[in-house]
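The structure under discussion appears below in the form of structure tokens.
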Amino acid sequence: MKRPVLPRPLLLALLLLAFSLAGRATGAPRTLRVASWNLEWLVSARTAQSARNACLAGAHAALPCDVALDGARSSADFAMLARYARQLDADVVALQEVEDAATIARVFPGHDICVTGRHAAQNVGFAIRRGLPHRCEPDLLTLSQADRARRGAVLVIDPGGPGELHLLAVHLKSGCAREPLDADLPSCRLLARQLPRIADWIAGQAAAGHRMAVLGDFNRSFTRDAGDPAWEALDPGAGAGPHLVDAAEGTRFQGCYPGQTHTRYIDHVLVGTGRGLGLVPGSFFRVPYAPADVRRYRLSDHCPVGVLLQISTR
């Protein structure tokens with residue numbers, strides 16, 4: 001009797017399912033491509049136009065007037081940002097300087113979105129690849145210092161599952177990138193108050209036994225080996241928590257485009273290694289912009305950084 005032949009698409013689907021179940025049975029680690037991207041005043045056309053009108057009238061505006069008077073992003077600008085988002089091809093992207101979910105969706109169509117609820121043109125959030133199990137958590141309000149600064153966005157990947165991972169997206173106070181952290185400047189005083197709040201969140205995740213990572217625009221570079229006070233504020237070295245690692249550590253700095261004035265990373269992916277979470281060696285990446293695109297389109301003064309995380313599902 002001749003055996004029935006399964007259609008090729010069905011056969012491939014069954015093979016993929018078998019490999020997946022085998023991986024779960026043996027506790028094989030899975031990888032997750034995560035990134036951070038500050039999109040520089042990514043706001044709706046309505047907000048941009050309203051701010052421009054206010055600036056021309058000498059009234060209070062939702063955007064700085066140098067930003068508002070430069071004009072709103074065109075459809076072509078959004079399309080080019082979306083093209084870079086496809087090139088980024090990340091499972092999860094922490095986002096900064098984004099207004100709301102509708103505006104984010106123009107750059108990340110087809111993604112699920114979490115975004116903080118601060119009533120301002122700059123929020124923080126996540127774009128999540130559709131189909132990836134996740135839960136958007138309440139905003140981390142302590143980071144905002146009573147909403148004088150940006151809130152933290154919290155996301156749980158695979159909640160309740162073997163690959164559960166807790167992520168915090170941040171955008172810290174600017175204006176204290178190179179000054180001593182204890183400098184008598186409002187920006188440094190605020191940044192110095194924000195860093196321990198991140199350390200508190202990390203400690204809370206460690207106490208709960210969670211895998212965790214913090215991604216975002218810290219507006220400051222880190223030098224762990226030199227006893228940097230900013231790094232010490234983030235990772236006080238209590239011993240009980242995860243081993244905190246900057247994914248970019250040991251890598252050569254790469255600018256977003258030729259002529260950019262930055263020389264060190266201020267966008268970071270900090271990973272609490274251990275408890276079944278690690279970095280894929282050599283996987284840190286940055287997605288630079290083509291010089292022609294920088295000249296032609298309004299992109300961002302930041303470009304994405306990211307890394308491959310290895311999550312054991314034992």
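The values are calculated or read from the model by the stated rules, or taken from the named source; none is laboratory data. Just so you know, these numbers come straight off a predicted model, no measurement behind them. A quick note on method: Cβ atoms are made from the backbone with ideal geometry, for glycine too, and the neighbour counts reach across all protein chains shown.
Does the stretch 233-256 contain at least one residue that is in a helix (DSSP H, G or I) and at pLDDT below 95?
Yes.
Mind checking which pairs have a first residue in the stretch 113-128 that is under 12 Å from V93 (Cα atoms) and a second that is assigned to a loop (DSSP other than H, G, I, E, B), Cβ under 7 Å, 6 or more apart or different chains?
V115/D100; V124/T116; V124/R150; V124/R151; G125/T116; A127/F108; A127/H111; I128/H111
Can you name the number of the only condition in (1) surrounded by fewer than 16 Cβ atoms within 10 Å (Cβ to Cβ); (2) at pLDDT below 95; (3) in contact with a helix residue (DSSP H, G or I) (Cβ under 8 Å, 6 or more places away or on another chain); (4) over 30 Å from P162 (Cα atoms) that C65 fails?
The number of the failed condition is (2).
Tally time: how many residues in the stretch 296-314 are crowded, with 19+ Cβ neighbours inside 10 Å and of a type in the set (G, A, S)?
Result for the stretch 296-314: 2.
Could you tell me how many of the residues in the stretch 257-300 are in a loop (DSSP other than H, G, I, E, B) and over 21 Å from L195 (Cβ atoms)?
21
From the list G58, G71, pick out the single residue that is among the small types (G, A, S) and at pLDDT below 95.
Exactly one residue qualifies, and that residue is G71.
Can you find, within the stretch 181-232, the residue that is nearest to S312 (Cα to Cα) among those that are of a type in the set (A, V, I, L, M) and not in a helix (DSSP H, G or I)?
M212
Restricting attention to the stretch 135-150, report how many residues are touching a Leu at 6+ places or on another chain (Cβ under 8 Å), within 15 Å of Q122 (Cα to Cα) and of a type in the set (D, E).
Result for the stretch 135-150: 1.
May I ask you to list pairs of residues, at least six apart or on different chains, whose Cβ atoms are under 8 Å apart, with the first in the stretch 162-182 being closer than 20 Å to L39 by Cβ and among the polar types (S, T, N, Q) and the second being at pLDDT 95 or above and assigned to a loop (DSSP other than H, G, I, E, B)?
S174/N219
Against the definition (more than 18 Å from A35 (Cβ to Cβ), charged (D, E, K, R) and not in a loop (DSSP other than H, G, I, E, B)), how does R135 come out, yes or no?
In short, yes.
For the stretch 264-306: of the residues being out of contact with any Phe, Trp or Tyr (no Cβ under 9 Å at 6 or more places or on another chain) and aliphatic (A, V, I, L, M), which is nearest to T223 (Cα to Cα)?
Top of the filtered list is V271.
Listed residues A233, A213, A206, A199; which is surrounded by 17 or more Cβ atoms within 10 Å (Cβ to Cβ) and within 15 Å of the chain's Cα centre (by Cα)?
Being surrounded by 17 or more Cβ atoms within 10 Å (Cβ to Cβ) and within 15 Å of the chain's Cα centre (by Cα) holds for just one of A233, A213, A206, A199, which is A213.
Looking at (1) assigned to a loop (DSSP other than H, G, I, E, B); (2) at negative phi; (3) modelled with pLDDT of 95 or more, can you tell me which one H119 breaks?
If we test H119 against (1) assigned to a loop (DSSP other than H, G, I, E, B); (2) at negative phi; (3) modelled with pLDDT of 95 or more, just (3) comes out false.
Taking the stretch 41-86, which residues are farther than 23 Å from G110 by Cβ, polar (S, T, N, Q) and touching a residue at least 60 places away in the same chain (Cβ under 8 Å)?
The answer is T47, and nothing else.
Would you check which residues across the stretch 33-61 are in a loop (DSSP other than H, G, I, E, B) and surrounded by fewer than 18 Cβ atoms within 10 Å (Cβ to Cβ) and list them?
S44, A57, G58, A59, H60
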